[in-house]
1. What is the one condition in (1) over 24 Å from B:S20 (Cα atoms); (2) not in a helix (DSSP H, G or I) that A:V77 does not satisfy?
2. Report yes if A:D123 is farther than 18 Å from A:Y40 by Cα, at pLDDT 95 or above and within 14 Å of another protein chain (Cβ to nearest Cβ), otherwise no.
3. Looking at region B:114-122, can you tell me whether even one residue there is assigned to a strand (DSSP E or B), within 14 Å of another protein chain (Cβ to nearest Cβ) and among the polar types (S, T, N, Q)?
4. Return yes or no: is A:Q120 surrounded by 16 or more Cβ atoms within 10 Å (Cβ to Cβ), over 20 Å from A:L50 (Cα atoms) and out of contact with any Leu (no Cβ under 6 Å at 6 or more places or on another chain)?
5. When you go through A:S17, A:S13 one by one, which is the residue that is among the polar types (S, T, N, Q) and touching a Leu at 6+ places or on another chain (Cβ under 7 Å)?
6. Considering region A:96-112 alone, what residues qualify as being surrounded by 13 or more Cβ atoms within 10 Å (Cβ to Cβ) and either of a type in the set (F, W, Y) or more than 20 Å from A:N69 (Cα to Cα) (or both)?
7. Can you find, within region A:96-120, the residue that is farthest from A:H45 (Cα to Cα) among those that are among the hydrophobic types (A, V, I, L, M, F, W, C) and either more than 8 Å from chain B (Cβ to nearest Cβ) or outside any helix (DSSP H, G or I) (or both)?
8. Consider region A:79-95. How many of its residues are among the aliphatic types (A, V, I, L, M), surrounded by 14 or more Cβ atoms within 10 Å (Cβ to Cβ) and more than 11 Å from chain B (Cβ to nearest Cβ)?
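The values are calculated or read from the model by the stated rules, or taken from the named source; none is laboratory data. Since the model is a prediction, treat every value here as computed from it, not as a measurement. Note that we place each Cβ from the backbone using ideal geometry, even for glycine, and neighbour counts take in every protein chain shown.
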Amino acid sequence: MRYAILLLGAPYSHQASHSALRFAQALLARGHALEAVFFYHDGVHNAARLAAPPQDERHLVDDWVALHNEHGTSLEVCIAAALRRGLLDEREAARHGKAGHSVEAPFELTGLGQLIDLGQRCDRLITFAP
Amino acid sequence: MTAHGSSDLLVILRHGPQGSSLLRDGLDAALVAAAFGQRVSLLFMGEGVMALVDDQQSDPLGQKGTLATIDMLSMYDIETILVEQAALEHVGLAPSDLMLPVSLLSGSILSSLPASHRVVLTF
């Protein structure tokens, strides 16, 4: 089956991100496909390039990137939710006159239309919320 | 109730207008889906029913609130507004306290609703 995940919970604050990641790894291990993870609401913090958790904790951002590299899962971040929380890629940082950027590939800033499209294209769209 | 099963997307809203932005984010997703031509039903459950109370202020909180968005639903052809009856009763409200006409749901009709939609988003 073709799956997509909608993640609404902030990393490390709520169980949602850990659960979503474990669910993603489990479905891939069972031979299903994971088309995309859509980060929305506080879930956009999962795309923070500068995240530096303690070494003995799971590095959620790196784990999402590994999912993309190994399985081609796209990592789509709601641009409106991201910008108001200080998550900007290089292009948006330049557009808003900011000195640095906090989001980089393979995470992509995109619109809510992508989420609706995933709902139509995939067999299952699973929400993980705080 | 068969008409509700004919929409493409069910958006379940379980959070009130204050305290978190989950309600606003859920409504935004519903509007975008409707703008993309999908038939959308909204189901207000739990604290989410507070979103429908008329004449709410939001300015003192420094937030935009969701009243204007609820007002726009009909412009986006989102006409199926479903409300968990028990949640409304729990906060002592009646349908006449709400800003737009709703259908009250309970029991097996409520619990079978998600299964009758191809896509369900829960906020």
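1. (1)
2. Numbers: farther than 18 Å from A:Y40 by Cα: yes; at pLDDT 95 or above: yes; within 14 Å of another protein chain (Cβ to nearest Cβ): yes.
When the stated conditions are applied, A:D123 passes them.
3. yes
4. Values: surrounded by 16 or more Cβ atoms within 10 Å (Cβ to Cβ): no; over 20 Å from A:L50 (Cα atoms): yes; out of contact with any Leu (no Cβ under 6 Å at 6 or more places or on another chain): yes.
So A:Q120 does not fit the description; no.
5. Exactly one residue qualifies, and that residue is A:S17.
6. Result: A:K98, A:H101, A:F107, A:G111, A:L112.
7. By that ranking, first place goes to A:L118.
8. So the count comes out to 6.
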